[in-house]
Amino acid sequence: MSNTKREPLLSEDQIELLNEKQYNKCFEECDLTEDVSFHFTNGHLAGMREMDLIYEAARAKDAELIQQLVNALHSFDPSGLFETSKVPLAAAKAAGFKPSDR
């Protein structure tokens, strides 16, 4: 499998910044109290973190499937001679994937 460390879709700093913007919008534009804005945005933050876990699991599954395809293409065309193998294998290599040793 690719050993390239993938950056998360949203960093913790990005999540905090989005949450802060949401708080300001609730408090300043929607005329909610500080307390209500705080509780609303904390729920928003919790939801963002839950969604992040779902998306990261999907990305991990995608990586697993890409690796399986790289292995299958490599076993079908180990020398990389066929034109149909070159483009997808080059794209996978650029993304950090290479055929497994198995």
_Identity of the residue in region 34-60, modelled with pLDDT under 85 and of a type in the set (Ser, Thr, Tyr), that ends up surrounded by the most Cβ atoms within 10 Å (Cβ to Cβ)_ = THR41
*Taking GLU7 as meeting all but one of (1) part of a helix (DSSP H, G or I); (2) surrounded by fewer than 10 Cβ atoms within 10 Å (Cβ to Cβ), write down the number of the exception.*
(1)
*asked:* Considering only residues that are surrounded by fewer than 11 Cβ atoms within 10 Å (Cβ to Cβ), in a helix (DSSP H, G or I) and of a type outside the set (Val, Ile, Thr), which ones fall in region 65-89?
replied: LEU65, PHE76, GLU83
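Select from region 90-102 the residues that are among the basic types (Lys, Arg) and part of a helix (DSSP H, G or I) and list them in ascending order. Show your work before the answer.
Going residue by residue through region 90-102, those that are among the basic types (Lys, Arg) are 93, 98, 102.
If the condition is that a residue be among the basic types (Lys, Arg) and part of a helix (DSSP H, G or I), then LYS93 is the only one that fits.
Test ALA46 against the criterion of being assigned to a helix (DSSP H, G or I), under 30 Å from LEU18 (Cα atoms), touching a residue at least 60 places away in the same chain (Cβ under 8 Å) and not basic (Lys, Arg), and give yes or no. Step through it out loud before you land on a result.
Numbers: assigned to a helix (DSSP H, G or I): yes; under 30 Å from LEU18 (Cα atoms): yes; touching a residue at least 60 places away in the same chain (Cβ under 8 Å): no; not basic (Lys, Arg): yes.
The answer is no for ALA46.
Got a number for residues in region 71-102 being of a type in the set (A, V, I, L, M, F, W, C) and farther than 30 Å from GLN14 by Cβ?
Total meeting the criteria: 8.
The values are calculated or read from the model by the stated rules, or taken from the named source; none is laboratory data. Quick caveat, the model's predicted, so the values are computed rather than measured. Here Cβ is always computed from backbone atoms with ideal geometry, including for glycine, and neighbour counts include all displayed protein chains.
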